[in-house]
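In what follows, a single structure is set out as structure tokens and then discussed.
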Amino acid sequence: SSLGDSWGYDVDGDNNEHFYSVGKFSSASLAFNSNIQLNNPSPGNSNGFIAKYGCFDGVTFDITDAGCSGTNDGEITVTPNEGYGPFSYTWSNGATTSTISGLSEGDYTVTVSDVSGCSTIATAHITYHPPVNVRIQQTQDILCNGDTTAQIIAVASDGFSPYSYLWSYNSETSDTLSNLSAGNYIVTVTDQCGNEATSSITVAEPEALDVELSGEIYNYWGYCFAHIFASASGGTPEYQYEWYDINGNLLGEQDNIWVWADDYYIIIITDANGCASGWYFYVPGCNKSMDNSNPELNTSEQYPEANISISFVSLPNNNNNNQNVNNGNVISRGNSEKELNKELTKRLKILGIGPKINIYPNPANEIINISFQSPYDINAQIILLNATGQIVKVIGWSQTNYYDNVIDISNLNNGIYFLMIKTDFGIFNERFSIIH
């Protein structure tokens, strides 16, 4: 065919490719497309070439599926890959445009041809949107029993969006629920086709914190001690323990504590999530009486009462006139009597409890009997003071747990005096008078 000052002839061809004999009568290049040009080396002469010209390589479909079952709103657009237009289209439904619409579910075949005689056949499939689905995802947990901190989200998929939501909780219609307590939650999702899907979730919470208290009561040298043990449960381990008196003063931070018997105490337990619960409890005295009255807790918080299991432990060989404690166990929590004596002695020292002092006669005349007994050996200096605090006599030293002596006071004036026992952990005084 003649192309102005150029010429070309179809030498041979089929539907896949063509061969052309081409030439040009000017110095300008001969362009086949934007990427291929043949330059004429001899301007003004007729130069011939053999050029291979290929067909386009298939087609691309842009498919919009039908929305709902039974509807005719699908659409297909076909685009040839390369090739030379204009193109012609012949669809299996009789349409002759590149885009066909108003389609229901099914296969649609198109034949596409270009000006060179190349053609290709391809098939596209229209389907309906799949059934709507929904799942519930929990995005925030409940850390403490009884809290309302949970959050859940309904995640819808497939179907024909946008979706609507309806929850069993307060008939909420958002995809997200917040500030939830523990319980079961159900959501129903509806798509634009009216199809529904339902899902449910159970929001859990930790068990409520609880404590089991047990204790052992000791009458030691006339002093009534209690060793209290706590075992926490519920919540989220690990646990922290805090012990307080009823005035809110912190006493200890372990899972056990030594306290005076016959008094009220508070325990607060905090778990790994920072959840805390508190209880008050009563420790009976050595006479085994239980005070069931409610104490006045001098704290900003008021707590429920905790149950406590108490055993009374007898230590028969400690010379303590242990008259109120009987039917107890000599062995306690795996500790021997010797170990318990050592531990209780340590308690007395920590509390600053010293020897029991006995002075007689009182008032005294010429002599006075002085004795004291301690649950442990002490390094003590024994001194007599007058009423103004002046030292009037240094009696001596004691390095045992027992002291007994008769002191001559005949040279001392009438008046009030004090016996002072000075130890490395405290000073203890006893008052007496002299009348000649």
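The values are calculated or read from the model by the stated rules, or taken from the named source; none is laboratory data. In this text the structure is predicted, and so the values were computed from the model without any measurement. Positions of Cβ are backbone-derived with ideal geometry, glycine not excepted, and every protein chain shown enters the neighbour counts.
Looking at A226, A230, can you tell me which residue is part of a strand (DSSP E or B), over 27 Å from the mean Cα position of the chain (by Cα) and either of a type in the set (G, A, S) or assigned by TED's automatic domain parsing to the domain that holds D141 (or both)?
A226
Residue under question is A124, and the condition is that it be surrounded by 13 or more Cβ atoms within 10 Å (Cβ to Cβ), among the aliphatic types (A, V, I, L, M) and under 26 Å from V203 (Cβ atoms); does it hold?
Here the answer is no, as A124 does not meet what is asked.
Looking for something farther than 30 Å from N133 by Cβ and either in contact with a helix residue (DSSP H, G or I) (Cβ under 7 Å, 6 or more places away or on another chain) or of a type in the set (S, T, N, Q) (or both) - is there at least one such residue anywhere in the stretch 237-245?
yes
Kindly indicate the residue of the stretch 243-280 that is free of Cβ contacts under 8 Å to residues at least 40 places away in the same chain and out of contact with any strand residue (DSSP E or B) (no Cβ under 8 Å at 6 or more places or on another chain) and also farthest from C224 (Cα to Cα) among those meeting that condition.
A272
Would you mind stating whether Y185 is in contact with a helix residue (DSSP H, G or I) (Cβ under 8 Å, 6 or more places away or on another chain), surrounded by 15 or more Cβ atoms within 10 Å (Cβ to Cβ), among the hydroxyl-bearing types (S, T, Y) and assigned to a strand (DSSP E or B)?
So Y185 fails the test.
Can you name every residue in the stretch 371-411 that is part of a strand (DSSP E or B), within 30 Å of E343 (Cβ to Cβ) and among the hydrophobic types (A, V, I, L, M, F, W, C)?
Answer for the stretch 371-411, where residues must be part of a strand (DSSP E or B), within 30 Å of E343 (Cβ to Cβ) and among the hydrophobic types (A, V, I, L, M, F, W, C): F372, A380, I382, W397.
Go over the candidates E238, E216, E212, E207 one by one and state the one that is of a type in the set (D, E), more than 22 Å from the chain's Cα centre (by Cα) and surrounded by fewer than 18 Cβ atoms within 10 Å (Cβ to Cβ).
Every option except E212 fails the conditions.
Filter the stretch 134-165 for residues that are buried (at least 17 other Cβ atoms within 10 Å of the Cβ) and within 22 Å of C193 (Cβ to Cβ) and give the result.
Within the stretch 134-165, V134, I136, A154, A156, G159, F160, Y163, Y165 qualify.
Filter the stretch 412-436 down to the residues that are free of Cβ contacts under 8 Å to residues at least 40 places away in the same chain, in a loop (DSSP other than H, G, I, E, B) and surrounded by 15 or more Cβ atoms within 10 Å (Cβ to Cβ) and list them by number.
L412
Output yes when any residue across the stretch 118-126 is without any contact (Cβ under 8 Å) to a residue 40 or more places away in the chain and assigned to a loop (DSSP other than H, G, I, E, B), and no when none is.
No, the stretch 118-126 contains no residue that is without any contact (Cβ under 8 Å) to a residue 40 or more places away in the chain and assigned to a loop (DSSP other than H, G, I, E, B).
Only residues that are touching a strand residue (DSSP E or B) at 6+ places or on another chain (Cβ under 8 Å) and either in a loop (DSSP other than H, G, I, E, B) or more than 13 Å from V59 (Cα to Cα) (or both): list them for the stretch 84-98, please.
Correct list: F87, T90, W91, S92, N93, A95, T96, T97, S98.
Of the conditions (1) in contact with a Leu (Cβ under 7 Å, 6 or more places away or on another chain); (2) in a strand (DSSP E or B), Y169 clears all except one; give me its number.
Here Y169 meets the rest and fails (2).
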